Ligand code: SF4
């Protein structure tokens, strides 16, 4: 069945009829120092500019409350608290301003503790993600995908008995095929939104390939309301990969689509070095544009003509194209500012 519920997470709405959102998870313990917290808020601002919609923080201790509260009230995007084992931490995070919490009800303990969390979440309009990983399921003889899906349905039933429906579910495994199977099975039986991810997927290449393989199939089938590309690496790379996946699938339009030369013996201009110098700027621009950065006269002018904005380097001369028309010739030193100015002027 298709997703028939929408879930409110702070300023964002996700689920039925809405395009999928990109999420990441902060990669360090929360800072305690005000200067570092402000630096973190600036970093979240950059992630937001790159296309990140939600950010999750591990909330392992009551001592994190002050920092977490500051982050929740200053972050430009909704903030999620990741809670394990202690339901009082969940209550604490909700009171501190979390927009959503992620729990595995199976490791929170007695059902009355889960009920207390549901009551507090309801009072504060906080969403809850039921986060199940293949490594932390109740014991059972069923195949893992069925066990994951059935466990989530059981918890959703608990939640509904407490009149709580602002729920999202995630069924993650490090095995990408199990991830696909479990999510397909759940989506065939429930209209609650799913958060997608392949967990512990490794460093950049393996994580992006495995996540794209699994999440690409699910998203193409209309399954998935939020996603995280989990990478053992920079969270900026997670966001970049998530946005690129959605753009490739036609599920997101905003953001720069980059076309650039591979390493190539014919290049007469260092397009790789140029891209490295300008990529962070491009990733932070929220316009629906294709930008080509080409290294020689073989395919450069041709690609430049089909991009919104392009530069083609031929020796020391850089040619700037807008909508396929050659508009300027600049030096290598002027190329970056000329490109960024052209992007700024573009509709
Ligand atoms: Fe190589 Fe030139 Fe083609 Fe770029 S445009 S890939 S430098 S041949």
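The values are calculated or read from the model by the stated rules, or taken from the named source; none is laboratory data. Since we're looking at a predicted model, the values are computed, not measured. Heads up, the Cβs are rebuilt from the backbone with ideal geometry, glycines too, and the neighbour counts pull from every protein chain shown.
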In this structure, does residue 318 turn out to be outside the structural domain of residue 51 (by TED's automatic domain parsing), within 16 Å of the ligand (Cβ to nearest atom) and in contact (Cβ under 8 Å) with a residue 12 or more places away in the chain?
yes
| query | Is it true that residue 84 is farther than 20 Å from residue 7 by Cβ and modelled with pLDDT of 95 or more? | reply | no
Picking from 309, 258, 293, the residue that is under 23 Å from residue 19 (Cβ atoms) and surrounded by 15 or more Cβ atoms within 10 Å (Cβ to Cβ) would be 258
Subset of the range 233-255, residues crowded, with 16+ Cβ neighbours inside 10 Å and without any contact (Cβ under 8 Å) to a residue 24 or more places away in the chain, comes to 244, 247
How many residues of the range 9-39 are under 17 Å from the mean Cα position of the chain (by Cα) and not in a loop (DSSP other than H, G, I, E, B)? The answer is 10
Checked 291, 259, 243 against criteria (under 17 Å from residue 49 (Cα atoms) and either more than 16 Å from the ligand (Cβ to nearest atom) or in contact with a helix residue (DSSP H, G or I) (Cβ under 7 Å, 6 or more places away or on another chain) (or both)); the one match is 243
Residue count, the range 159-175, condition at pLDDT 95 or above and either surrounded by fewer than 13 Cβ atoms within 10 Å (Cβ to Cβ) or out of contact with any strand residue (DSSP E or B) (no Cβ under 6 Å at 6 or more places or on another chain) (or both), comes to 6
Picked from the range 303-313 (must be under 17 Å from residue 343 (Cβ atoms) and at pLDDT 90 or above), the residue nearest to the ligand (Cβ to nearest atom) is 312
The residue from 27, 86, 4, 82 that alone is surrounded by 17 or more Cβ atoms within 10 Å (Cβ to Cβ) and either within 24 Å of residue 256 (Cβ to Cβ) or in contact (Cβ under 8 Å) with a residue 24 or more places away in the chain (or both) is 82
In this structure, is residue 177 in contact (Cβ under 8 Å) with a residue 24 or more places away in the chain and assigned to a helix (DSSP H, G or I)?
yes
Here the residues within the range 125-142 that are surrounded by fewer than 16 Cβ atoms within 10 Å (Cβ to Cβ) and closer than 21 Å to residue 54 by Cα are 125
Taking the range 186-211 and keeping residues surrounded by fewer than 20 Cβ atoms within 10 Å (Cβ to Cβ) and either in a helix (DSSP H, G or I) or modelled with pLDDT of 95 or more (or both) leaves 188, 189, 190, 191, 204, 205, 206, 209
Restricting the range 262-271 to residues that are without any contact (Cβ under 8 Å) to a residue 12 or more places away in the chain and within 30 Å of the chain's Cα centre (by Cα), the one farthest from the ligand (Cβ to nearest atom) turns out to be 263
Picking from 284, 300, the residue that is outside the structural domain of residue 214 (by TED's automatic domain parsing) and either within 16 Å of the ligand (Cβ to nearest atom) or without any contact (Cβ under 8 Å) to a residue 40 or more places away in the chain (or both) would be 300
Expected single match for on the phi > 0 side of the Ramachandran plot and assigned by TED's automatic domain parsing to the domain that holds residue 99 among 174, 149, 163, 136 is 163
Open item on the list: Condition (residue is over 25 Å from residue 17 (Cβ atoms) and either within 16 Å of the ligand (Cβ to nearest atom) or outside any helix (DSSP H, G or I) (or both)) applied to the range 217-231: is it met by at least one residue?
Closed with: yes
